[in-house]
Each structure stands twice: as structure tokens, then as C-alpha cells.
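Scroll down for the structure; my scribbles are underneath it.
The values are calculated or read from the model by the stated rules, or taken from the named source; none is laboratory data. Note that the coordinates shown come from a computational prediction; the quantities given were computed from them, not determined experimentally. Methodologically, a virtual Cβ is constructed for each residue, glycine included, from the backbone with ideal geometry; neighbour enumeration extends over all protein chains shown.
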Amino acid sequence: MKNFFKDLKFILYKRLNRWLRKSSYYSDICMFFLKNKINYSLWNDIYFKNSNKNELIKYKVEIVAVSYKRFGELKVFVQSIINQTNNNWSLHVIHDGKNDDFLNIMDSYQRKDPKRITYECTNRRYNDYGHTLRETGLRKSCHEYTLLTNSDNYYPPKTLEFINQAIKASTLSRPDVVLFDMTHSHIDVGRKKKPSYSFFDVFYKRNYIDIGAAIVNTELAQKVGFVDKSFAGDATYFEDILKQKNKEGLKLNVVKIPRVLLVHN
């Protein structure tokens, strides 16, 4: 019997090692959470199935989208927000530089929903990956959570419904960040050898997250601001949020929705 358990332990050890070698992606994530002060939990789908979908919405999301031309995608993006099954949102779109086509398109949407849809053009083109525009929109955000994104992205109709239910169902105190998975139009995103529009498993770590795949508590985000205007600004933004929370002597509360809720174009 002793030999049996010894052999079994050896077999399990070998299989675990083999799995970790093949899944260094997940082992790296686990080590990251252990080293950093992050409370991480997955949303329980059972809550959504048993919850009252007509329940009063409590948590509102400010969506700040940066834009530069690509007006066909802009229309698809705005319509995807209008099509949300939850009405707990407001949308502010900022164009990088003045553009009459942008103004005409957004004016047509604002006339249909003037209370929730706003827009503006910057006085000049910054051309810094949209980061200055994100900083501008973040400062103006007044809802509990803020989603920073691009105006060529797409969100399925139940995105905000799932997010709201995940916040309510969280076993953590009020989540600081809610993440969700995505598909990405770029090749080899996050240094992963994958073709365009592949499934992207989002985690709270550099190279594993995108600016449009997470909502953040607005108060926390505004403390941090959007400092890094370089190509890596997205990742720095999330790292600064973690540092700010840890600076306050607290762990960052992160909830992950294991669903593809973003099509990144």
C-alpha cells in the first residue's frame, strides 16, 4: 500500500510539472497575485441565473471612448452601447483633433439620447495613443465606475448587465476592478503567438490586459490619473491603480467575468 501511494504521488507530481511547463501562462499569473496585494475572484454565473433581471440598477458606468476617424467603426461602437440591456451608463466620446464628420455623427446620436450621450473634439491632435483624451474623460467621469475604451471596439448587448450582476454578486467588498475576456484584432497580442481575433484570456497583469477590458472604481482611478502617455500607457494605468491601493495599505479587489465581452478592433 505504501508503494502504491508513493507511485501515485510520483505520477501526480510528474503530471503537475508537465502541466505547469505547458501552462507557464497561468503559473506566472498565480505567482503575480501571490507577490502582489490582490484579492482575485471569479464571478459565479449561478447568481445571474437566479437573480431578478428587473432589479433596480445601482452601479452606473461612465464610458469614455477616444476616437480618431474610422467613422464606420464609431457608429458600430456607439450602437453597441445604445443596445445594452442595462441603461446604467453614460457615454462620452472624445475625438483627437477637430473633425466635422465626427461632430455630425455624434450629434445625430446625442439628439436621440441627450442625457446619456456627450462628445467633444480636442483643440489639437495629440497623437499619443489616445492617452491625453482618456485623462480628460477620466477627470470628468462622475459615475461609480469608469470604462476607458476606444471608439472602434464592440461590446455585446449584455456586457453591462453581466458587469452589474458581477459587482452585486462579489464576495469581496465593493470591487475596485471588474475584468472580462476579449478577442483582439492584432497579431501576437501580449507576446502570445496567436493570429488576429483569437480568444484573449484577460488577467490583471501587464501583457495580459487591455484598457477596454476592465471597469475601474472611478474614485480610485481619478486618484491615479493617466500619467504615462507612451505606447505602454494602458498597462501603466493598471499598475498605478494597484500601487495606489497598496499605498493605502489595502488589497486591490478584482473580479473576473470569464466571458468574452469585448471585441477589440
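Go through Arg125, Arg139, Arg111 for me and flag whichever is part of a loop (DSSP other than H, G, I, E, B), loosely packed, with under 15 Cβ neighbours inside 10 Å and either assigned by TED's automatic domain parsing to the domain that holds Asn88 or charged (D, E, K, R) (or both).
Arg125
Could you run through the stretch 142-177 and say how many residues are under 21 Å from Tyr237 (Cα atoms), hydrophobic (A, V, I, L, M, F, W, C) and surrounded by fewer than 24 Cβ atoms within 10 Å (Cβ to Cβ)?
Going through the stretch 142-177 one residue at a time, the tally reaches 1.
May I ask you to verify whether Arg134 is modelled with pLDDT of 95 or more and more than 17 Å from Phe238 (Cβ to Cβ)?
Considered against the rule, which asks whether it is modelled with pLDDT of 95 or more and more than 17 Å from Phe238 (Cβ to Cβ), Arg134 comes out as no.
Only residues that are touching a Cys at 6+ places or on another chain (Cβ under 9 Å) and exposed (fewer than 15 other Cβ atoms within 10 Å of the Cβ): list them for the stretch 195-236, please.
None; the set is empty.
If the requirement is being crowded, with 21+ Cβ neighbours inside 10 Å and either closer than 20 Å to Val66 by Cα or among the charged types (D, E, K, R) (or both), which of these qualifies: Lys251, Lys245, Lys192?
Unique residue meeting the criteria: Lys245.
Of the numbered conditions (1) modelled with pLDDT of 90 or more; (2) in a helix (DSSP H, G or I), Asp228 fails exactly one; give the number of that condition.
(2)
Quick check on my filter: what residues within the stretch 47-87 are of a type in the set (D, E, K, R), under 27 Å from Ser170 (Cβ atoms) and either at pLDDT 95 or above or in a strand (DSSP E or B) (or both)?
Glu62
In this structure, does Tyr204 turn out to be within 16 Å of the chain's Cα centre (by Cα), among the hydroxyl-bearing types (Ser, Thr, Tyr) and part of a loop (DSSP other than H, G, I, E, B)?
yes
I'd like the full set of residues that are within 13 Å of the chain's Cα centre (by Cα), charged (D, E, K, R) and part of a loop (DSSP other than H, G, I, E, B), limited to the stretch 148-200.
If the condition is that a residue be within 13 Å of the chain's Cα centre (by Cα), charged (D, E, K, R) and part of a loop (DSSP other than H, G, I, E, B), then Asp176 is the only one that fits.
Regarding Ile215, is this residue assigned by TED's automatic domain parsing to the domain that holds Asp96, in contact with a Phe, Trp or Tyr (Cβ under 6 Å, 6 or more places away or on another chain) and modelled with pLDDT of 95 or more?
For Ile215, the condition - assigned by TED's automatic domain parsing to the domain that holds Asp96, in contact with a Phe, Trp or Tyr (Cβ under 6 Å, 6 or more places away or on another chain) and modelled with pLDDT of 95 or more - is met.
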